[in-house]
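J.: Have a look at this one.
The values are calculated or read from the model by the stated rules, or taken from the named source; none is laboratory data. What you see is a predicted model, and the numbers here were worked out from it, not measured in a lab. Here Cβ is always computed from backbone atoms with ideal geometry, including for glycine, and neighbour counts include all displayed protein chains.
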Amino acid sequence: MKKLICIFLSAVILFTLVSCGSAEPQSSGEIDIDLSAMSGTMVYSEVYNMMSEPEKYIGKKVRMEGLFSMVEGEGRNYFTCIITDATACCSQGVEFSLKGDYKYPEDYPELGDPITVVGVFETYKEGSNKYCQLKDAEFE
């Protein structure tokens, strides 16, 4: 009986490892990470992971809900989706760049409005700094 249980558990573990698949970017038309379907604590944790280990998320299609924000920079504006944790005491912003030709402010929500954004996670460098963003994003 012990032998049968060991074989069964080994098969389950092997199946689990095989089903994990590749770590390569694999975004298709479907959402890879839907932050809008997670609890506040899970969203905050996942966004923290995205910012601290971005290489694991590159190429993933992400949906997120939050509040619209914009920061004026030198030569361009930075648009972000601000996400708060479950207690609303802490927040993180995820930058996004819209797909298409949009003009600010006429084609964007009001600052602080709730938004849902879908885009492909990527990193880019500006000077010596590395940043994360949702590229080719769209409002839902």
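J.: Among the listed residues LEU98, LEU35, LEU134, identify the single one that is surrounded by 11 or more Cβ atoms within 10 Å (Cβ to Cβ), aliphatic (A, V, I, L, M) and more than 10 Å from the chain's Cα centre (by Cα). Don't jump to the end; show me each part of the working.
T.: Details: LEU35 fails: more than 10 Å from the chain's Cα centre (by Cα); LEU134 fails: more than 10 Å from the chain's Cα centre (by Cα).
Of the residues listed, the single one that is surrounded by 11 or more Cβ atoms within 10 Å (Cβ to Cβ), aliphatic (A, V, I, L, M) and more than 10 Å from the chain's Cα centre (by Cα) is LEU98.
J.: Can you report the number of residues in the range 69-84 which are over 16 Å from the mean Cα position of the chain (by Cα) and either hydrophobic (A, V, I, L, M, F, W, C) or assigned to a loop (DSSP other than H, G, I, E, B) (or both)?
T.: As a first pass, look at the range 69-84 and keep what is over 16 Å from the mean Cα position of the chain (by Cα): 69-78.
Subset that is either hydrophobic (A, V, I, L, M, F, W, C) or assigned to a loop (DSSP other than H, G, I, E, B) (or both): 70-71, 73-76.
Residues flagged as over 16 Å from the mean Cα position of the chain (by Cα) and either hydrophobic (A, V, I, L, M, F, W, C) or assigned to a loop (DSSP other than H, G, I, E, B) (or both) within the range 69-84 amount to 6.
J.: Being loosely packed, with under 14 Cβ neighbours inside 10 Å and either of a type outside the set (Ser, Thr, Tyr) or assigned to a loop (DSSP other than H, G, I, E, B) (or both) narrows it down to one residue among GLY112, GLY66; which is it? Working first, answer last.
T.: On the way: GLY66 fails: loosely packed, with under 14 Cβ neighbours inside 10 Å.
The match here is GLY112.
J.: Assess whether TYR102 counts as being assigned to a strand (DSSP E or B), out of contact with any Lys or Arg (no Cβ under 9 Å at 6 or more places or on another chain) and over 19 Å from LYS60 (Cα atoms). It would help to see each step written out before you state the result.
T.: On the way: assigned to a strand (DSSP E or B): no; out of contact with any Lys or Arg (no Cβ under 9 Å at 6 or more places or on another chain): yes; over 19 Å from LYS60 (Cα atoms): yes.
Considered against the rule, which asks whether it is assigned to a strand (DSSP E or B), out of contact with any Lys or Arg (no Cβ under 9 Å at 6 or more places or on another chain) and over 19 Å from LYS60 (Cα atoms), TYR102 comes out as no.
J.: Find all pairs meeting these conditions: Cβ atoms under 7 angstrom apart; at least six residues apart or on different chains; first residue within the range 54-81 and within 20 Å of ASP34 (Cα to Cα); second residue acidic (Asp, Glu) and assigned to a strand (DSSP E or B).
T.: ILE58/GLU122; ARG63/ASP34; PHE79/GLU95; THR80/GLU95
J.: Tell me, which residue of the range 57-108 that is aliphatic (A, V, I, L, M) and in contact with a helix residue (DSSP H, G or I) (Cβ under 7 Å, 6 or more places away or on another chain) is nearest to TYR124 (Cα to Cα)?
T.: Narrowing the range 57-108 to residues aliphatic (A, V, I, L, M): 58, 62, 64, 67, 70-71, 82-83, 86, 88, 94, 98.
Keeping just the survivors that are in contact with a helix residue (DSSP H, G or I) (Cβ under 7 Å, 6 or more places away or on another chain) gives 62, 64, 83, 86, 94.
On the way: VAL62: 17, MET64: 20, ILE83: 21, ALA86: 29, VAL94: 13 Å.
Of everything passing the filter in the range 57-108, VAL94 is nearest to TYR124 (Cα to Cα).
J.: Hey, another quick one. Go through (1) free of Cβ contacts under 8 Å to residues at least 40 places away in the same chain; (2) closer than 19 Å to ILE33 by Cα one by one and return the number of the condition PRO105 breaks.
T.: For PRO105, the failing item is (2).
J.: Turning to a different aspect of this structure: Within the range 45-53, is even one residue at pLDDT below 55, within 22 Å of CYS132 (Cβ to Cβ), in contact with a helix residue (DSSP H, G or I) (Cβ under 8 Å, 6 or more places away or on another chain) and of a type outside the set (Phe, Trp, Tyr)?
T.: So far as the range 45-53 goes, no, none of its residues is at pLDDT below 55, within 22 Å of CYS132 (Cβ to Cβ), in contact with a helix residue (DSSP H, G or I) (Cβ under 8 Å, 6 or more places away or on another chain) and of a type outside the set (Phe, Trp, Tyr).
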